[in-house]
Structures are given as C-alpha cells and as structure tokens.
Amino acid sequence: MYRQETIIRVSFREAPLAHQPQRKDFYFGCLSAIYEVFTSEQVGCKVTNLWNANIKVGSPYANRLCVVSREPFVRKTREKPSRATEMFGQ
C-alpha cells in the first residue's frame, strides 16, 4: 500500500552554492524550508510570493533565478499494529 505526496523542487538557472558548482536542483518538504538554506535574494522572491503563487503539480512558479515546482512522489504506508495486538499478541 502507498500514498502519493508532493515535494518542493527548486531548480536554479545557475548553481547557487560555490562549494557545489554542479548542483542546481534542491528538494524541500515545504516552501518555508527553502529559506533555511537560501536567502530571498538567491531565490529571487520572498516566501509570501510563493505562498500566493499557489504552486501545484504542473503549475510551477518561475522567475529569472529559479523555478519552484511541486513534484509528486510515492511513499509507502506503514501498517501499525492495533493496540490489542500490542497488548495481547493476537
């Protein structure tokens, strides 16, 4: 069993990190996490712009520095044992 979720992908037009000159794509769990790694000057906008852009799968936000998009991915669901199984081993 699985569930489909989305992840935020930031694709820079030029590599933003000097110590990783080949890396242009970065992945985040939420929009605000982008700004834990990059400044608004590096991204080309503030987080409020991204929230207002209503980014969805197939509807990215693009500016002169990068493209921010939602990408689907599959996550396996973990079947948790019921409380009775934990207590009585059934």
(Q) When the residues of region 58-80 are narrowed to those that are of a type in the set (Val, Ile, Thr) and modelled with pLDDT of 95 or more, which ends up nearest to Ile8 (Cα to Cα)? (A) Val68
**Q.** Tally of residues being within 26 Å of Val74 (Cα to Cα) and in contact with a Lys or Arg (Cβ under 8 Å, 6 or more places away or on another chain) across region 36-58
**A.** 3
Q: Would you mind stating whether Arg83 is at pLDDT 95 or above and of a type in the set (Lys, Arg)?
A: no
Q | Condition check for Leu65: in contact (Cβ under 8 Å) with a residue 24 or more places away in the chain, of a type in the set (A, V, I, L, M) and touching a Gly at 6+ places or on another chain (Cβ under 8 Å) | A | yes
**Q.** Odd one out for Arg9 among (1) within 14 Å of Tyr61 (Cα to Cα); (2) touching a residue at least 12 places away in the same chain (Cβ under 8 Å); (3) more than 8 Å from the chain's Cα centre (by Cα)
**A.** (3)
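The values are calculated or read from the model by the stated rules, or taken from the named source; none is laboratory data. Just so it is clear, the model here is predicted, and its values are computed rather than measured. Positions of Cβ are backbone-derived with ideal geometry, glycine not excepted, and every protein chain shown enters the neighbour counts.
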